[in-house]
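Enquirer: Next up is a structure, given as structure tokens.
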Amino acid sequence: MRSRSLLATFTPLAAAAILATTALAGCGGSSNAASADNPYGLLRPGVLRAGTLTDAPPNVYLKDGRFTGFDNDLLTAVAGKVGLKVEFVGTDFSALLSQVNNHKFDVGSSSITITEARKKTVDFGNGYDFGYFGLDVPAGSPIKGFDQLTGKRVVVVQGTVQDDYATGHHLDPVRVPDYNGALNQIKAGTADAWIAPAEIGEKTAKDSGGKVVLADKQLSPAPTAFAVAKGNDKLRAALNRGLDEVIADGTWTKLQAQYYPGRPIPADFKPGSGTVAPPAGPAQSGPASPSDAVASATPAS
């Protein structure tokens, strides 16, 4: 009887322990682990949660309450090729890559230039665009080019490739969290120059009423790409596959023409895997050298 009594007492306790262990394992495990119904380990099966910006046209911005721009429209098309819908969420660029790697977002979409330093935080898909730096200065400034910035007070948006450029050239830049902060420094005269994504710098100068001038442009050193968390090879491969498909079916070319009409594409730039040739279209008026393309530049963060 004693043995049976102990067994009767132990069995419910053991069962409870097993259930508790299972529950803890469920809580401790990754909520976005890959599974049959979620092969890419997304935060929600079938939905690609993308971190992006709200104020960087023509690449990523809000229009009538909708996230749009070249990068975001391209990502929507790419995701559709692999059976995914996209949910865009606004954030600051300085936090974006860490948020992607910490799985707050499945992917980062913000004209993100591939750099060796950034590869330590996230993995990148294949490059889908090229870009330029712009140099904004107050009207009347003697600064005419990037080679005149030594000893000047130069402002950059924190965490961008322009920040990397300024640091790499020993400029000791003033870092701000967003583009409006950089523009305010120039307007207030508290900065001598702003290294910006060229398209944003150009638009800012045009909208400034003559207070700001775009002094110079130069080609960004690397392509832009979507960012995913380190080790999420399945998602990265899927996005690369989808990118090649939208290049092949003409979507990439169409979006280039829509957001950068007449912009020449450098002859050595091959989007995606480089194995798929985009159809000829308005955005591809023939091979162009980087100096030719500067006339119609694109942002690079």
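Enquirer: Give me the percent of Cα-Cα pairs in the stretch 115-180 that sit more than 16 Å apart, rounded to a whole number. Write out the running numbers ahead of the final one.
Expert: Details: 1203 of 2145 pairs.
Result for the distance tail: 56 percent.
Enquirer: Obtain the nm distance between the two label points defined at ASP64 and VAL47 by a simple spin-label model: each point lies 7 Å from its Cα along the Cα-to-C-beta direction.
Expert: 2.4 nm
Enquirer: Keeping every protein chain in place, order VAL213, VAL89 by accessible area at 1.4 Å, biggest value first, i.e. largest first. Before the final figure, lay out each step's value.
Expert: Working: VAL213 65, VAL89 35 Å².
Reading off the accessible areas and sorting them downward yields VAL213, VAL89.
Enquirer: Right, another one. Starting from the Cα-Cα distance between ASP92 and PHE269, subtract it from 0.36 nm times their residue separation and give me the gain in nm to one decimal.
Expert: Between ASP92 and PHE269, full extension yields an extra 60.9 nm.
Enquirer: Related question: Could you sort the peptides 261-269, 94-102, 66-74 by per-residue average Cβ neighbour count (10 Å cutoff), highest mean leading?
Expert: Numbers: 261-269: 14.9, 94-102: 18.6, 66-74: 22.2.
Packing proxy ranking, top to bottom: 66-74, 94-102, 261-269.
Enquirer: Can you tell me the FRET efficiency between LYS211 and GLN258 if r is taken as the Cβ-Cβ distance and R0 is 30 Å, rounded to the nearest 0.05?
Expert: On the way: r = 30 Å, r/R0 = 1.00.
Efficiency, rounded to the nearest 0.05: 0.50.
Enquirer: Moving on. Using only the Cα atoms of the stretch 32-177, what semi-axes does the equivalent ellipsoid have when each is the square root of 5 times a gyration tensor eigenvalue? Give whole Å, largest first.
Expert: Details: eigenvalues 223, 55, 30 Å².
Values for the stretch 32-177, descending: 33, 17, 12 Å.
Enquirer: Determine the per residue accessible area of the stretch 163-219 with all protein chains present and a 1.4 angstrom probe, expressed in square angstrom.
Expert: Values: 2750 Å² over 57 residues.
On a per-residue basis, the stretch 163-219 sits at 48 Å².
Enquirer: Leaving ligands, DNA and RNA out of it, report the carbon-plus-sulfur percent of the accessible area of the stretch 111-209 at a 1.4 Å probe.
Expert: Values: 1920 of 4130 Å².
About 47 percent, which is the carbon plus sulfur part of the accessible surface.
Enquirer: About the Cα centre of the stretch 38-107, how large is the charge dipole given +1 on each Lys and Arg Cβ and -1 on each Asp and Glu Cβ? Please answer in debye to the nearest 20. Each step should come with its number before you reach the end.
Expert: On the way: 7 positive and 7 negative charges, 54 e Å.
Computed about the Cα centre, the dipole is about 260 debye.
Enquirer: Next question, about the same structure. Put a dot 7 Å past each Cα toward the Cβ at ASP233 and ALA248; how far apart are the dots in nm?
Expert: Those two pseudo-labels are separated by 2.3 nm.
Enquirer: Using a Förster distance of 35 angstrom, determine the FRET efficiency expected from the C-beta separation of ASN38 and ASP172, and round it to 0.05. Mind showing how you got there, number by number?
Expert: Values: r = 46 Å, r/R0 = 1.31.
Rounded to the nearest 0.05, the efficiency is 0.15.
Enquirer: Continuing with this model, one more query. With the cut-off at 29 Å, tell me which of the pairs LYS81/LYS203; LYS85/LYS119; LYS104/LYS217; LYS152/LYS270; LYS85/LYS254 have Cα atoms farther apart than that. Walk me through the intermediate numbers first.
Expert: Numbers: LYS81/LYS203 33 Å; LYS85/LYS119 26 Å; LYS104/LYS217 34 Å; LYS152/LYS270 36 Å; LYS85/LYS254 20 Å.
Pairs exceeding the cut-off: LYS81/LYS203; LYS104/LYS217; LYS152/LYS270.
Enquirer: Shape call for the stretch 105-255 from the C-alpha gyration tensor, a ≥ b ≥ c root eigenvalues: rounded (a/c under 1.5), prolate (a/b greater than b/c) or oblate? Can you show the working numbers first?
Expert: Working: a/c = 2.60, a/b = 1.86, b/c = 1.40.
Note, shape of the stretch 105-255 comes out prolate.
Enquirer: So, R0 is 22 Å and r is the distance between the beta-carbons of LYS120 and THR54; what FRET efficiency does that work out to, to 0.05? Before the final figure, lay out each step's value.
Expert: On the way: r = 27 Å, r/R0 = 1.22.
Once rounded, the FRET efficiency stands at 0.25.
The values are calculated or read from the model by the stated rules, or taken from the named source; none is laboratory data. Computed from a predicted structure; not experimentally measured. Methodologically, a virtual Cβ is constructed for each residue, glycine included, from the backbone with ideal geometry; neighbour enumeration extends over all protein chains shown. Ligands, DNA and RNA are excluded from the accessible area calculation, which covers all protein heavy atoms including side chains. Shrake-Rupley method; radii C 1.70, N 1.55, O 1.52, S 1.80 Å.
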